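All of the numbers you see were taken from the coordinates with simple rules; none came from a lab. From a predicted model like this one, the values you see are computed outputs, not experimental measurements. Every residue, glycine as well, gets a Cβ built from its backbone with ideal geometry; the counts of neighbours run over all protein chains shown.
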Amino acid sequence: MSGDGRPQGPPSGAPAQTDSQSQSQDRDRFGSRLRAALGTTPFVLTKLDQFMNWARGNSMFMLQFGIACCSIEMMHSYATKHDLDRFGAGVPRASPRQADVLIVPGTIVSKFGPRMQRIYDQMPEPKFVVSMGSCTISGGPFHDGYNVIGGVEKIIPVDIHVPGCPPRPEALIYGVLKLQERIRSGEAEHVPVTVKPYEIEAFGDLERDALVEQLTDEIDADDLVMRYDWETRR
């Protein structure tokens with residue numbers, strides 16, 4: 001500081017401080033205690049990322065809407081026999097702003113395409129997409145239709161493809177588990193993975209718990225369906 005109160009520059013002959021040196025000093029100043037305790041390895045940040053990926057993979061909020069017949073199998077995967085909720089992915093949301101996983105089960109037509117894009121844009125990041133069924137993946141038997149979009153991937157990015165017409169609930173559950181693996185490992189980069197049929201066979205049928213077995217024995221299937229008298233039309 002000079003006599004008139006103005007900051008004094010570096011003495012003559014001293015080299016001027018470069019921007020890289022200034023940034024290095026700032027890093028040392030703000031991270032000196034952390035570096036002294038943990039060394040140069042970003043241990044805390046790495047573990048925090050792993051923890052966030054683990055929590056995100058085990059707490060998935062799903063947004064699903066019935067477009068076509070694959071929706072029946074999707075609903076079945078949430079029922080008591082398969083119970084997708086036990087895998088940490090059974091919290092369906094009614095609003096895209098509260099969901100991070102989008103399940104698309106059906107044919108995408110040209111009129112619905114912009115609305116699909118809008119729904120996807122309303123979801124907060126990070127967000128993931130599961131394409132369920134042949135119609136969603138490639139248009140299925142309707143791929144030659146004048147108004148059918150040959151795959152949802154032409155509109156929004158897809159993480160998991162679950163082929164089938166329609167896929168079984170076990171296939172959808174296996175696809176969701178594959179998505180969870182990618183999220184936990186930090187590999188979910190919108191490079192789609194297709195569930196293979198032989199993987200579903202190796203996955204096998206899910207065991208039914210004791211409560212389901214008990215209810216199956218106690219409830220008569222005829223009591224679950226409203227009886228209709230064809231003679232009286234009532």
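Tabulated results
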item	result
Among 141-150, 62-71, 80-89, the order from most to least packed when residues are scored by Cβ within 10 Å on average	62-71, 80-89, 141-150
Measure of compaction for segment 66-148 (Cα Rg per 2.2 N^0.38 Å)	1.16
